[in-house]
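Have a look at the structure below before the remarks.
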Amino acid sequence: MRADRVMKTFVRGTLAVTTAAALVASLQGCVLAVAGAAGGGALVATDRRTVGTQTEDREIQVKAYSQIANELGDDTHVDVTVFNRRALLTGEVPTDAAKRRAEEITRGVGNVESIVNEIAIAPKTSFSDRANDSYLVARVKGALIAEKGISANDFKVVGERGNIYLMGLVTTQEGNLGAAVAANVPGVMSVVKVFQYIKPEDAQTLAPAAGQAASAPSSAQSAEAEPTVGAVPMGGVTAQPLDQKTAAPVSNSTEVHPGSSGQVKQ
C-alpha cells in the first residue's frame with residue numbers, strides 16, 4: 001500500500017512539473033498565441049487576408065522551406081515567411097550563389113507574387129542566437145499588442161541576428177507606428193519594413209471580409225499561432241542584459257524581387 005501511495009505521489013508530482021514547464025514554454029513562445037488560445041482561430045478572424053490566401057501562404061512557405069533545406073544542405077540556415085503571397089527569405093548562406101539559388105527555388109514553387117531576399121552571406125547562427133531572436137520577436141509582439149492605434153494581428157514579425165522584419169497589409173500610418181514600436185524594444189538591432197501598403201478605406205473593409213471567411217474550417221486557422229517555419233523553440237533562451245537606450249534604425253527593404261510571374265507586385 002505504501003509503495004502504491006509513493007508511486008502515485010511521484011506520478012502526480014511529475015505531471016505537475018511537466019504541466020508547469022509546458023505552460024512556461026507556451027507563455028515564452030508567443031504572446032499572440034495566448035490571445036488566440038480560445039479556439040485557435042481568433043487571430044485569423046481579424047487577419048486582413050482571406051482564409052484562402054492564408055492557406056496558400058502556408059503551402060508556399062512549407063514547400064519553399066523544405067526544398068531549400070533539401071537542396072542547400074546543412075551548411076545553410078534559411079527561413080521562409082510568406083504573407084499575402086510575398087515571400088521573405090532570411091538566414092545565412094556561405095555564398096552569393098546559394099543566396100540566389102534559395103530565391104530561385106522559392107520562385108519556382110509558384111503563386112509567389114514577390115520575393116524579399118534578406119539572406120546574409122555569413123556563417124550559420126548558433127542555436128542560442130536563434131533562440132534570442134525568438135525572444136526578441138515575442139517582445140516585439142507584446143509591444144505591438146500594448147500599443148494603441150494599431151492591431152498586432154495586422155503584423156507578421158520575423159527576427160534574424162537581432163534584426164526585426166515586419167510584414168503585413170497595413171496603411172502607411174500603421175506601418176510607421178508599428179516600426180517605431182519595434183525599434184524601441186530593447187535588444188532590437190534594426191527594423192526592416194516589408195509591408196504591402198493599403199489605403200485607409202481599404203483597411204476598413206478588409207477586416208470584416210477576412211472575419212467572414214474565417215468562419216469556414218481551414219487548416220490555416222492554426223497556422224498563425226505557430227512559429228515561422230524553421231524557427232527555434234524558446235526553451236534555450238537565457239537572460240541577457242538589454243541596455244539599449246536609443247531606438248534602432250528603421251528602413252524599407254531594398255531586396256524586393258520578382259515572384260513566379262517574373263514581375264514584382266507591391
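If you roll a 1.4 Å probe over segment 73-217 with all protein chains in place, what percent of the accessible area is carbon or sulfur?
C and S atoms contribute 52 percent here.
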Roughly what would the spin-label model give for ASP96 and MET189, points 7 Å off Cα along C-beta, in nm? 2.1 nm
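Over the residues of segment 112-156, compute the C-alpha Rg and express it relative to 2.2 N^0.38 Å. Can you show the working numbers first?
Numbers: Rg = 14.4 Å, N = 45, 2.2 N^0.38 = 9.3 Å.
Here the Cα radius of gyration is 1.54 times the empirical estimate.
The values are calculated or read from the model by the stated rules, or taken from the named source; none is laboratory data. Computed from a predicted structure; not experimentally measured. All Cβ positions, glycine included, derive from the backbone under ideal geometry; neighbour counts span all protein chains shown. Heavy atoms of the whole protein, side chains included, go into the accessibility calculation; ligands, DNA and RNA do not. Shrake-Rupley method; radii C 1.70, N 1.55, O 1.52, S 1.80 Å.
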